[in-house]
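Below: the structure, in C-alpha cells.
The values are calculated or read from the model by the stated rules, or taken from the named source; none is laboratory data. What you are looking at is a predicted structure, and each value in this text was computed from that prediction instead of being measured. Backbone-built Cβ (ideal geometry, glycine too); neighbour counts: all protein chains shown. The area values use the complete protein model at the heavy-atom level, side chains included, leaving out ligands, DNA and RNA. Shrake-Rupley method; radii C 1.70, N 1.55, O 1.52, S 1.80 Å.
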Amino acid sequence: MPIELKIFSTREEASQSAASSIVMALEEKPDLTLCLATGNSPTRAYELFTASVEKSALGVGQLRLLKLDEWGGLASDDPATCEVYLQRYLVAPLGLRREQLVGFQSDAEDLDGECLRIERHLLDADQIDVCVLGLGVNGHIGFNEPAAELFSRAHIATLSDASLGHSMLRETSVQTSVGLTLGMAEILASREILLLVFGSEKAKQLKTLVEG
C-alpha cells in the first residue's frame, strides 16, 4: 500500500481533510465499512464528518462501523470505553441503529472467544473500506504494541505503560492491563487507511513508520 504523506499547518486542516476523505468514500459506497480508532487524534475528524453528513443529507442507513480496539475488563457503559466514545461521536449524531456498530465487548467473560468472534466477523464480512488510525506515543497502532513480532489477527494485548497512561482511562476508576484489538494483517487489508498523527512528541515514531 503506497503512503501519501500530507502535512498540514493545523490540526483543524488535517481533520477536515480526513473527514472529507470519509465523506467521499461514503458517497462512492453507501454500504461503507468504516473501522474506527478512538482517542484525541480522530475526534475532530469525526465531528466534521458527522456535520458534513447532516449538511448534505448523505444517507447512512447502510453504513457499517467497526471498532478497532477496546479496553478489556471495563463495563460496556464505562465512560472510558471505546464503545461509549463511538456512541457519543458517531452513532448518536448520525442516528445509526445499534446493529450498525460491531466491535469487541469490553466486559466479555471470554476475551479469547471475543477476539475469535471479531476475527470470524471480518472473515464473513466485506473487506474494511476505510480504517481510521492514530499513532500512540510509543508507536502503537490500535493496541498492537511495538514488538519484534506482531499479531496478525484479533487478539488480547498486554498493554504498555504508555498505553495505560492514555487520557481515556482517566474517565474510569477501574484498573485494566489488557486491550482487545484487530491484528496488523486485518488492519493492512483495508482498502484505505487514514493515519492521523499530531504533536511533536510523535515525530520520531512517525519517521520510523514512514522510513523504517
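Here are a few things to note about the model shown:
- Among the residues of the stretch 116-136, at least one is small (Gly, Ala, Ser) and open to solvent by less than 30 Å² (accessible area, probe 1.4 Å).
- Selected residue (criterion: surrounded by the fewest Cβ atoms within 10 Å (Cβ to Cβ)) from residues of the stretch 173-194 that are touching a helix residue (DSSP H, G or I) at 6+ places or on another chain (Cβ under 8 Å) and of a type in the set (A, V, I, L, M, F, W, C): 178
- Of all the numbered requirements in (1) part of a helix (DSSP H, G or I); (2) free of Cβ contacts under 8 Å to residues at least 12 places away in the same chain, residue 116 misses one, and that requirement is (2).
- Residue, most open to solvent (accessible area, probe 1.4 Å), within the stretch 81-104, restricted to residues that are within 13 Å of residue 63 (Cα to Cα), touching a Gly at 6+ places or on another chain (Cβ under 9 Å) and not in a helix (DSSP H, G or I): 97
- Any chance residue 70 is open to solvent by less than 10 Å² (accessible area, probe 1.4 Å), of a type in the set (Asp, Glu) and under 15 Å from the mean Cα position of the chain (by Cα): yes
- Matching entry among 150, 169, 122 (being farther than 30 Å from residue 204 by Cβ, over 14 Å from the mean Cα position of the chain (by Cα) and not basic (Lys, Arg)): 122
- Out of 132, 137, 102, sole residue that is over 21 Å from residue 190 (Cα atoms) and touching a residue at least 12 places away in the same chain (Cβ under 8 Å): 137
- Of the strands (runs of 3 or more DSSP E) entirely within the stretch 1-79, those holding at least 3 residues that are in contact with a Lys or Arg (Cβ under 8 Å, 6 or more places away or on another chain) occupy 33-36.
- The residue list 170, 153 contains one member that is at pLDDT 95 or above, basic (Lys, Arg) and open to solvent by 20 Å² or more (accessible area, probe 1.4 Å), which is 153.
- Residue that is most open to solvent (accessible area, probe 1.4 Å), among those in the stretch 18-58 that are small (Gly, Ala, Ser) and more than 24 Å from residue 182 (Cβ to Cβ): 57
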